[in-house]
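One structure is given here, and the rest of the page talks about it.
Bear in mind that the values in this text are calculations on the coordinates, not laboratory data. Everything numeric here is computed off the predicted structure, so don't read it as measured data. Don't worry about glycine lacking a Cβ; one is built from the backbone with ideal geometry, like all the others, and counts go over all protein chains shown.
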Amino acid sequence: MNVSGKKAVVFGGTSGIGLATVKMLAEGGATVVAISRDPSKAGDLPSGVTVEACDVTDSAAMEAMLNKLAPFDILVSAATGGSRAIGPFLEMDMEGYKASFDKLWGYANVVRYGAKHVTDGGSITLVSGAPARNCRPGQIALSSVGGAVEAMTRAVAREVAPRIRVNVVSPGTIDTPMVALQGEERDALYTKMTASNLIPRAGTAEEVAEGIMFVIKNDFVSGTTIDVDGGWLLS
Ligand SMILES: NC(=O)c1ccc[n+]([C@@H]2O[C@H](COP(=O)([O-])OP(=O)(O)OC[C@H]3O[C@@H](n4cnc5c(N)ncnc54)[C@H](OP(=O)(O)O)[C@@H]3O)[C@@H](O)[C@H]2O)c1
């Protein structure tokens, strides 16, 4: 797909990986709607980009928003949905574990209410995470949710084929506003988190957005996961 002249809707498009994707789509000539709960955080955006406010976990609001924006050619969600529980499963607060699945419910709303509005030949792209297939200690919630997102992607891709394509991009440790730490503390965290990766540094939001652009543009890719993770899976 040539994104020029196409319409794209990007949930979580106001920060980090989603925002980098919004900018690349706009650079490619697409008109883009970037959506999150507080879109003012996006700052200055290129021409061709507008913003909307919506919580991906609110099914009724999502259905109304996607009906309002329809039709569109490109649908992306990088919205985190909420927070994820970290730590050993046998000590985990189960409400925290359950709440971690807000990311899945958000993506489910995007696909359930958005897929029918994607034009023929269009694509849907979601974002999982490397722990889905190589879980490090303390990451069971990340792993469970990421695995569910990847399974959902494969299942839906089959259901909507050949009319539209559905893929997922799986990032490793990426330097985005998701981590609030600053300065030396931030550097130390990323050094520690990536030490055993083949490429021992945090990735950039743009490196992941390049993966998202690849699956949007390549008409021969569907039902798959693209890893942009610095070699996390072999760590
Ligand atoms: N950064 C990493 O190291 C990393 C690693 C693996 C996977 N990932 C995944 O990559 C995706 C993007 O992460 P990121 O690092 O780019 O995060 P980020 O910079 O924190 O951006 C998250 C975006 O999601 C939006 N969002 C969160 N909850 C939402 C909700 N309930 N409804 C609507 N929008 C919501 C946020 O805006 P509002 O707060 O305004 O709603 C923001 O635009 C996530 O799915 C994350 O799990 C990230």
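Among residues of the stretch 28-44 that are closer than 22 Å to Lys103 by Cα, those with a beta-carbon under 7 Å from a residue that is among the β-branched types (Val, Ile, Thr) and within 8 Å of the ligand (Cβ to nearest atom) at least six positions away or on a different chain give the pairs Ala34/Thr14; Ser36/Thr14; Pro39/Thr14; Lys41/Thr14; Ala42/Thr14.
Considering Ala151, Ala180, the condition of being part of a helix (DSSP H, G or I) and of a type in the set (A, V, I, L, M) is satisfied by Ala151 alone.
Using the structure shown, decide if Ile216 is assigned to a helix (DSSP H, G or I), within 20 Å of Ala20 (Cβ to Cβ), away from the ligand (no atom under 13 Å from the Cβ) and touching a residue at least 24 places away in the same chain (Cβ under 8 Å). Spelling it out, Ile216 is indeed assigned to a helix (DSSP H, G or I), within 20 Å of Ala20 (Cβ to Cβ), away from the ligand (no atom under 13 Å from the Cβ) and touching a residue at least 24 places away in the same chain (Cβ under 8 Å).
Cβ-Cβ distances below 7 Å connect the following pairs, each with a first residue in the stretch 55-79 that is closer than 24 Å to Met1 by Cα, a second residue that is part of a loop (DSSP other than H, G, I, E, B) and within 14 Å of the ligand (Cβ to nearest atom), and a separation of six or more residues or different chains: Ser77/Gly12; Ser77/Val56; Ala78/Gly12; Ala79/Gly12; Ala79/Val56. Output the residue which, of all residues in the stretch 71-110 that are of a type in the set (Val, Ile, Thr) and within 14 Å of the ligand (Cβ to nearest atom), is surrounded by the most Cβ atoms within 10 Å (Cβ to Cβ). Result: Val76.
Determine, yes or no, whether Val22 is more than 8 Å from the ligand (Cβ to nearest atom), surrounded by fewer than 24 Cβ atoms within 10 Å (Cβ to Cβ) and in contact (Cβ under 8 Å) with a residue 24 or more places away in the chain. No. Within the stretch 31-64, if we keep just the residues that are crowded, with 24+ Cβ neighbours inside 10 Å and among the aliphatic types (A, V, I, L, M), the residue that is farthest from Gly211 (Cα to Cα) turns out to be Val56.
With respect to the conditions (1) in contact (Cβ under 8 Å) with a residue 60 or more places away in the chain; (2) under 20 Å from the mean Cα position of the chain (by Cα), Ser235 lacks only one, and its number is (2). Looking only at the stretch 1-12, which residues are under 22 Å from Gly121 (Cβ atoms) and either within 16 Å of the ligand (Cβ to nearest atom) or touching a Pro at 6+ places or on another chain (Cβ under 8 Å) (or both)? Lys7, Ala8, Val9, Val10, Phe11 - these are the residues of the stretch 1-12 that are under 22 Å from Gly121 (Cβ atoms) and either within 16 Å of the ligand (Cβ to nearest atom) or touching a Pro at 6+ places or on another chain (Cβ under 8 Å) (or both).
Select from the stretch 122-148 the residues that are among the hydroxyl-bearing types (Ser, Thr, Tyr) and part of a helix (DSSP H, G or I) and list them in ascending order. Ser143, Ser144 - these are the residues of the stretch 122-148 that are among the hydroxyl-bearing types (Ser, Thr, Tyr) and part of a helix (DSSP H, G or I).
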